[in-house]
Amino acid sequence: MDLQGQWTALLPAARAALLDVVDSGRFILGPQVAAFEQEAAAALGVAHAVGVANGTEALVLALRAVGVVPGDEVICPAFTFYATAEAIAAVGATPVFADIRVGDYCLDPAAVEAAVTSRTRAVVPVHLFGHPADISALRAVCDRHGLALVEDAAQAFGAAGVALRGDVSTYSFFPTKNLATFGDGGLIVTSREDVAETSRTLRFHGSRDKQTFTQVGYNSRLDELHAAVLRVFLPAVAGWNTARTAAAERYRALGLGEVVGLPPDGGVYHLYVVRTSSRAAVADACRAAGVATGVYYATPLHRQPVFARLPPRDLPVTDAAADQCLALPMFPTISEAQQVAVVAAVTGVLAPA
Ligand SMILES: Cc1ncc(COP(=O)(O)O)c(C=O)c1O
């Protein structure tokens with residue numbers, strides 16, 4: 001990743017916006033947060049947006065806002081960042097891991113349906129690596145069983161079809177995300193007035209007026225400094241996502257698909273994750289060529305020590321993905337020469353299939 005590269009042209013505006021906040025003396029829930037919430041809701045095509053401290057707490061608050069309570073079960077993938085299931089456990093519910101689809105690494109609607117019990121309250125698909133999960137099919141499962149649909153869109157800001165059909169969706173603005181700030185930030189978006197209202201209350205200690213406290217909530221607010229930066233970056237995200245898509249097309253045109261499995265088409269390529277049974281050899285060859293790689297996610301959540309107390313789940317597609325996936329360089333300003341070097345390193349160790 002090259003964070004600074006994509007930001008270069010906007011850094012003067014971002015610095016000025018930060019100084020404006022300092023000079024304004026308004027730091028918590030002021031005009032920047034209110035404006036960013038409106039602008040983000042408009043960009044995403046949803047009615048309400050609620051800025052919060054990070055993507056993990058966005059999930060915690062969203063789960064509570066749709067009525068998840070201790071003792072409930074919530075179905076989610078095991079092939080995701082830990083925060084997805086951590087948030088479910090944090091509200092006292094039990095994560096129930098369902099398998100993913102081979103093609104897009106997102107929840108398999110049939111596996112979700114098979115995991116529903118009388119205690120299931122919600123389903124949390126993750127739009128993994130920026131690829132939209134099959135929300136139409138997941139919505140149908142939720143409607144059949146009366147479940148809430150909570151979309152973890154942390155990795156998919158700007159992806160088409162995301163955050164429109166769930167009861168609520170959540171984003172992270174961690175510095176590496178497609179829309180990011182200079183630190184931590186998060187967002188809850190929803191078209192449900194009741195969910196937006198509960199989220200606003202929960203982020204502020206369970207209060208709407210600082211005088212009367214109706215719930216045990218959180219101190220989980222997006223602050224004015226981050227909102228000001230996000231307002232500078234928000235108009236650029238669509239262009240950055242287009243550049244990521246063009247880079248993905250270039251990897252294909254350079255012949256990468258002849259030696260490794262390519263990511264699915266579509267989405268916003270938060271990460272560019274290929275598939276190979278020779279992952280260690282490819283990673284070594286890349287390192288030798290000065291090309292960074294990353295493994296997302298080596299140990300799926302059903303195998304993490306923290307969840308050893310849960311009943312064992314058989315998730316063969318998840319396990320295979322965890323063994324074979326490797327992220328190659330992907331960022332909006334990646335150059336053709338950089339991509340040629342990546343493809344040369346990968347094809348150099350792997351004979352064409
Ligand atoms: C899928 C997913 N969910 C949730 C999170 C949590 O977001 P944050 O780091 O802002 O708490 C992340 C990213 O870190 C993520 O990738």
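The values are calculated or read from the model by the stated rules, or taken from the named source; none is laboratory data. Since this is a predicted model, take the numbers as computed values, not measurements. FYI the Cβ positions are ideal-geometry reconstructions off the backbone, even for glycines, and counts take in every protein chain you see. What goes into the accessible areas is simple: the full protein's heavy atoms, side chains included, and nothing from ligands, DNA or RNA. Shrake-Rupley method; radii C 1.70, N 1.55, O 1.52, S 1.80 Å.
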Review point. Counting only the heavy atoms of the protein chains, how much of PHE204 is accessible to a 1.4 Å probe, in Å² to the nearest 10?
Key: 30
Point to revise | Of the trypsin sites (Lys or Arg not before Pro) in region 167-216, those whose Cβ has at most 15 other Cβ within 10 Å and which sit in DSSP loop | key: ARG208, LYS210
Point to revise | Ellipsoid semi-axes in whole angstrom, largest first, where each is sqrt(5λ) of the Cα gyration tensor of region 152-226 | key: 24, 17, 7
**Study point:** Rounded to the nearest 20 debye, dipole of the chain from Cβ charges on Lys, Arg, Asp, Glu
**Key:** 260
Practice item. Find the relative contact order for the chain and round it to a whole percent, using C-alpha pairs within less than 8 Å whose residues are 6+ positions apart. Key: 21
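Per residue, how many Å² of accessible area does the chain show with a 1.4 Å probe?
So the chain comes to 40 Å² accessible per residue, rounded to a whole number.
Restricting attention to region 270-353, which trypsin sites (Lys or Arg not before Pro) occupy a DSSP loop and are surrounded by at most 15 other Cβ atoms within 10 Å?
Working: sites: ARG275, ARG279, ARG287, ARG303, ARG309, ARG313; in loops: ARG309, ARG313.
Sites meeting the loop and neighbour criteria: ARG309.
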Check your understanding: Among PHE174, PHE79, PHE27, which one moves the most in a GNM of the chain with springs linking Cα atoms closer than 10 Å?
Key -> PHE27
Revision key, fill the gap. The percentage of the accessible area of region 223-353 (probe 1.4 Å, all protein chains present) made up of carbon and sulfur atoms, to the nearest whole number, is 55
Review point. Within the accessible area of region 155-196, what % is carbon and sulfur when the probe is 1.4 Å and the other protein chains stay in place?
Key: 53
Review point. Roughly what % antiparallel, to the nearest 5, for the DSSP beta bridges in the chain?
Key: 60
Review point. Which order do ASP223, ASP314, ASP284, ASP323 take by accessible area at a 1.4 Å probe, largest first?
Key: ASP314, ASP323, ASP284, ASP223
Practice item. State, as an integer percentage, the relative contact order of region 270-332 based on alpha-carbon contacts under 8 Å between residues 6 or more apart. Key: 60
**Study point:** Overall form of the chain per C-alpha gyration tensor (a/c, 1.5; a/b vs b/c)
**Key:** oblate
Review point. For region 237-349, what relative contact order do you get, as a whole percent, if you take Cα pairs closer than 8 Å and at least 6 residues apart?
Key: 39
Point to revise | Signed unit charges on C-beta, dipole axis of region 70-199, positive-most listed residue SER136, VAL102, SER172 | key: VAL102
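Could you order ARG231, ARG139 so the one with the most accessible surface comes first? Probe is 1.4 Å.
Values: ARG231 80, ARG139 35 Å².
If we order ARG231, ARG139 from most to least accessible, we get ARG231, ARG139.
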